[in-house]
Every structure is written in structure tokens, then in C-alpha cells.
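Participant: Mind having a look at this structure? Questions to follow.
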Amino acid sequence: MLLVIDVGNTNTVLGLYAGEELIHDWRIRTVIDHTVDEYGALILNLLKNSEIGAQSVGSIIISCVVPPMLNILDPLCQKYFGIEPLIVGPGVKTGMPIFYDNPREVGADRIVNAVAAYEKYRREMIIVDFGTATTFDYISKKGEYMGGCIAPGIMISSEALFNRAAKLPRVELCTPRSAITKDTVSGMQAGIMYGYAGLVDGIVARMKSEIGEAAFVVATGGLANVVAREAKQIDVVDERLTLEGLRIIFQRNRPQPHS
């Protein structure tokens with residue numbers, strides 16, 4: 001089986017594949033202060049609770065935007081699984097040309113998403129990934145990564161409001177019935193949710209105008225479903241896009257058998 005690990009700034013998502021089928025996935029917090037053994041015990045317990053032994057894992061691939069985490073996960077893979085993981089980065093074959101001034105600056109998760117989305121939809125598209133930051137990436141109809149932009153994530157924006165406005169309470173991220181509200185909590189929820197949906201729609205609309213053609217819009221990430229209910233520019237939500245991209249990239253980097 002293939003274990004795929006996507007390390008984000010806030011959460012780490014793991015998936016276990018049997019061939020092309022995702023049979024289990026888990027979401028845990030990204031904690032750079034954990035030790036190799038703490039993370040090892042956690043991952044082994046996740047597998048055990050799904051009635052899977054460590055010996056069932058034959059390969060591991062990692063996408064990471066938090067460099068210190070590689071100092072935990074790389075030795076973890078070798079200690080607990082006896083596996084040298086494939087780490088997405090320079091030198092790894094993605095099958096996608098990257099048209100960026102410095103390709104090394106592009107987050108591994110953004111390329112992984114792009115590979116998965118193009119493999120699945122095979123068309124010109126914009127990918128919106130709702131993570132700690134919200135990223136917007138444009139993929140050409142030829143399957144080329146053309147660039148994009150980065151905005152503060154909805155949780156970062158909300159936390160700034162909670163922390164900097166002394167009289168405003170911390171609220172749940174959900175959508176009220178209207179933008180004109182009659183209480184503070186609903187008013188904050190309306191401002192956060194409708195405001196963020198407007199940010200997404202505005203950026204996507206501007207990107208489409210620069211592209212000059214209608215692009216298919218794919219949303220992914222932990223809060224994709226929440227925002228997509230209000231954002232009018234999103235065509236489809238694909239929550240497991242990154243995991244699928246890691247599986248595809250792993251397959252593209254497997255040694256080919258000699259004929």
C-alpha cells in the first residue's frame with residue numbers, strides 16, 4: 001500500500017492507497033515541536049485503528065510546506081516503516097511544465113493539486129485551495145502551471161478579527177440567513193463568510209478576465225465546502241485533490257521495470 005502525506009501549516013492530511021483506491025484518510029494537526037517518536041506513535045495508532053499494520057505500507061510520498069517537519073517525517077518513515085520516502089520537490093517528475101519565474105518558489109502542495117486536477121479534468125482551470133493561506137492557481141488547457149496568487153486564509157482573517165477587536169467574541173464559521181443581521185454574532189458571521197466568498201469570486205473573476213476564456217474552477221482544502229456554498233465562481237469541490245495528486249506523482253516516479 002502507498003501512504004501519502006500532505007503537510008500543511010495548520011493540518012497534515014494522510015491517505016492510504018491500495019492501487020488507485022483511497023481506502024483511508026486522516027487529518028491531524030501539524031506540530032513542529034513533536035518528536036519523531038510522538039508522530040510515529042500517532043501514525044501507527046491511526047493505522048492500527050483501521051486494522052492495518054505498518055508492514056502493509058510499502059511506499060511513502062510526502063508533500064511538505066513546513067520544512068522543519070521533514071526533519072521529523074523523513075527519519076520517522078525509515079524508523080517505523082523501513083522506507084525512504086519520496087519527497088515532492090526539485091528533481092521529482094510531475095509531468096507538468098511550470099512557467100514561474102523561479103519554479104522552486106512554488107509550494108509543493110500547489111503543484112500536487114495542479115497535477116491531480118489536470119489529470120482528472122483535462123481542461124483549462126483555476127484551482128482554489130482553502131488552507132492556512134488560500135491559493136489560486138491557473139492551469140492552461142495544455143496542462144501547464146502558469147502561476148497564480150495567494151490570499152490570507154479564512155481562519156487567519158477570522159483570528160485577526162477575534163484577537164484585535166476586544167469586544168467581539170469568537171464565533172463559529174457558518175453562514176447566517178442574511179447580510180443584514182440583528183445581533184453581533186450573526187453580523188460577524190455574515191461579514192466573514194460573505195466577505196470571504198466575495199474575495200474568492202473577485203479574484204477568480206479577475207483571473208478569468210486575464211486569461212480571456214472561461215476556466216473551470218476547482219476548490220479543495222479543509223474549508224472548501226463551507227466557502228463554496230456562497231462563492232458563485234466555484235464549479236466543483238474536490239476535497240481529496242492533494243492526496244490524489246501525491247498518488248499520481250508517486251506513480252510517475254516509480255522505477256520502470258526492465259524489458
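Participant: Let me check the size of region 2-87 from its C-alpha atoms; what are the radius of gyration and Dmax in Å?
Facilitator: So, for region 2-87, Rg and Dmax equal 11.7, 33 Å respectively.
Participant: Which residues make up the longest stretch of the chain that has no GluC sites (Glu not before Pro) in a DSSP loop with at most 11 other Cβ atoms within 10 Å?
Facilitator: Here the longest run is 52-171.
Participant: Roughly how tilted is helix 36-49, in degrees to the nearest 10 and between 0 and 90, from the longest Cα axis of the chain?
Facilitator: In the chain, helix 36-49 runs at an angle near 90 degrees to the longest axis.
Participant: For Ile150 and Arg206 in one chain, what is 0.36 nm times their gap in residues minus the Cα-Cα distance, to one decimal in nm?
Facilitator: Stretched out fully, the Ile150 to Arg206 stretch lengthens by 18.8 nm.
Participant: Cα atoms only: what Rg and Dmax, in Å, come out for the chain?
Facilitator: Every Cα atom of the chain included, Rg and Dmax give 19.6, 72 Å.
Participant: While we're on this one: Nearest 10 degrees, 0 to 90: what angle lies between the long axis of helix 108-121 and the longest principal axis of the chain (Cα atoms)?
Facilitator: The answer is roughly 90 degrees.
Participant: If each of Asn225 and Ile32 carries a label point 7 Å out from its Cα toward its Cβ, how far apart are those two points in nm?
Facilitator: Using points 7 Å along Cα→Cβ, the separation is 3.1 nm.
Participant: Please find the FRET efficiency linking Ser157 to Lys79, where r is the Cβ-Cβ separation and R0 is fixed at 41 Å, and quote it to the nearest 0.05.
Facilitator: Working: r = 39 Å, r/R0 = 0.95.
Given R0 = 41 Å and the Cβ-Cβ separation, E is 0.60.
Participant: Separate question: At 7 Å along the Cα-to-beta-carbon direction for both Glu119 and Arg164, put a label point, then send me their distance in nm to one decimal.
Facilitator: A separation of 4.0 nm, rounded to one decimal place.
Participant: Within straight cross-link reach of Lys182, meaning Cα distance under 17 Å, which lysines are found once same-chain residues fewer than 8 apart are removed?
Facilitator: Answer for Lys182, where 17 Å is the Cα cut-off: Lys167, listed by chain and number.
Participant: Taking the chain as a Gaussian network, where each spring joins two C-alpha atoms under 10 Å apart, which residue of Ala219, Ala117, Ala151 fluctuates the most?
Facilitator: It is Ala151.
Participant: Between helix 184-211 and the chain, what is the angle of the helix's C-alpha long axis to the longest principal axis, kept within 0 to 90° and rounded to the nearest 10?
Facilitator: Helix 184-211 sits roughly 70 degrees off the main axis of the chain.
The numbers here are math on the coordinates, done by the rules we state, and not lab data. It should be emphasised that the depicted structure is a prediction, and the values quoted were computed from it without experimental measurement. Ideal geometry is used to build each Cβ from the backbone, glycine not excepted, and the neighbour counts take in all protein chains shown.
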